[in-house]
Amino acid sequence: MIEKKRMVPFALLVFSAVSLAGCGAENVQEQVNSAAETSETNETEQAEGTDAIAGTLSFYTSQPDADAEALVAGFREQYPDVDVTIFRSGTEEVVSRLLAEEEAGSVQADVLLLADAVTFENLKEKDLLLPYESPELAHIPADFVDQDYMYIGTKLMATVLAYNTDLVEEAPTSWFELTADNAKGELTMPSPLYSGAAAYNAGVFSRNDDFGWSFYEKLYENETTVVQGNGGVVQAVAGGEASYGMVVDFVVANAKEQGSPIDFVYPEEGVPVITEPIAITKNSKNEGAAKAFVDFVLSEEGQQLGKDVGYTPIREGIDAPAGLKGGDELHVLSADLADLLEGREEDKEQFQSIFGAH
């Protein structure tokens, strides 16, 4: 690869504002307390015993704000009598909030849409999820559906190697180019302590014989910068603060479409892929609306809405957006799900021991 002369960026401001809005950390306990009033309202509405899809629905997600709002807007076109509140943050922080609510005996969330199956295996193990066999499952590949119907994948999101097209003349082809001298101080990636996708990546890369933790140690030695989420990575690369980024594909494709000087490749060694599953909480106070929401997300209309936002649909019969690879085109790097679940906290601790707290 050949480094180009660094230039001052200017075309990414709109994208950056959308991607990073709402990414700041909030005080979990404070939010748990403030949600109590919403819970009381929900309980009152459900106590009225109506079979109609109505009332309030609490939606916890790691999706970017604009994407979550678009999804809710599409749902409410079909169910205008459901008021949906959104709590958005990184997957790890959303889970922290959920567990704090569970500890306090008052889970507020009705529906969860978070990064990866490992996260949901953890919540399933803690008995926090409600099984639901959606009629839309007939159109979802069985590999993406939990065998106990506790959670279902909603899309395919690959972590790719992004690069700034003003700074990098020749597109990279391999993850290991990030450990070379000419990439020193030029890579930014999300933190597994905040991002569920990054936590999944750390688990997969560290369990792959071609990478291992030595890959991360070399990235650290090559002065890699760590930011919280994927939005921060795209901002840094598109803005010229970094030449390269490890980041989920759809946010790069969106930034490119909006005119930012950024592109991406699927490295030849393969890519980690997450499915951003959806699930209903065990003690949902509006089970009817929660099931309707899950059905909508998996429906043809909901999947097309996701595609329009930039996601690769998981439902059969809908192609990936232009520029992204579909499931049958991806060379997937993976690891045993049970092993990833058992090792998730150790993986984050190992990452922190290399890069420090981020």
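What follows is calculated from the coordinates using simple rules that are stated; it is not laboratory data. Fair warning: this is a prediction, and the values are worked out from it, not measured in the lab. Cβ atoms come from the backbone with ideal geometry, glycine included; neighbour counts cover every protein chain shown.
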field: Structure-derived Cα extents along the principal axes in Å: which label, when the choices are [x] 92, 66, 41; [y] 101, 57, 40; [z] 66, 38, 37
entry: [z]
- prompt: Stokes-Einstein at 25 °C, 0.890 mPa s, Kirkwood radius from Cα pairs: D for the stretch 124-169 in µm² s⁻¹?
  reply: 180 µm²/s
message: Once you place label points 7 Å from the Cα toward the Cβ at D210 and D319, how far apart are they in nm?
response: 2.8 nm
- request: Compute the long axis of helix 36-47 from its Cα atoms, compare it with the longest principal axis of the Cα atoms of the chain, and write down the angle in degrees, 0 to 90, nearest 10.
  value: 40 degrees
- prompt: Under a point spin-label approximation (7 Å from Cα along Cα-to-Cβ), what is the E223-F176 distance to one decimal in nm?
  reply: 2.4 nm
- request: Scan the chain and report its longest stretch carrying no GluC sites (Glu not before Pro) that are both in a DSSP loop and have at most 14 other Cβ atoms within 10 Å.
  value: 49-132
- prompt: Using the alpha-carbon atoms, what tilt in degrees (0 to 90, nearest 10) does helix 300-309 show relative to the longest principal axis of the chain?
  reply: 40 degrees
task: Can you tell me the relative contact order of the chain? Whole percent, Cα pairs under 8 Å, sequence separation 6 or more.
output: 26 percent
- request: Could you calculate the FRET efficiency of L99 with E133 from 1/(1 + (r/R0)^6), where r is the beta carbon distance between them and R0 is 25 Å, rounded to 0.05?
  value: 0.45
statement: Interchain or sequence-distant (5+) residues whose placed amide H lies within less than 5 Å of the amide H of G55 are D83
- line: Partner aspartates and glutamates whose C-alpha sits under 18 Å from that of K184, ignoring same-chain residues fewer than 8 away, are E3, D166, E169, E170, E217, E221, E223, E241
query: Given R₀ = 45 Å, FRET efficiency for E257-D148 by Cβ-Cβ distance, to 0.05?
result: 0.70
query: So how strong a dipole does the chain carry about its Cα centre when Lys and Arg Cβ are +1 and Asp and Glu Cβ are -1, to the nearest 20 debye?
result: 840 debye
task: Starting from the Cα gyration tensor of the stretch 203-292, take the square roots of the eigenvalues, sort them a ≥ b ≥ c, and report rounded, prolate or oblate (rounded when a/c is under 1.5, otherwise prolate if a/b is larger than b/c, else oblate).
output: oblate
- prompt: Once the convex hull of the C-alpha atoms of the stretch 255-358 is built, how many Å³ does it hold per residue, rounded to a whole number?
  reply: 198 Å³
- line: In nm, the gap between the two label points placed 7 Å beyond Cα toward Cβ at Q78 and D328 is 2.6 nm
- prompt: Is it possible to state the helix-based mean residue ellipticity at 222 nm for the chain, with each DSSP H run of 4+ residues giving -39500 (n - 2.57), the sum divided by total residues, to the nearest 500 deg cm²/dmol? What is it?
  reply: -12000 deg cm²/dmol
message: Which lysines, if any, have their Cα less than 29 Å from the Cα of K291, not counting same-chain residues under 8 positions apart?
response: K124, K126, K155, K282, K307
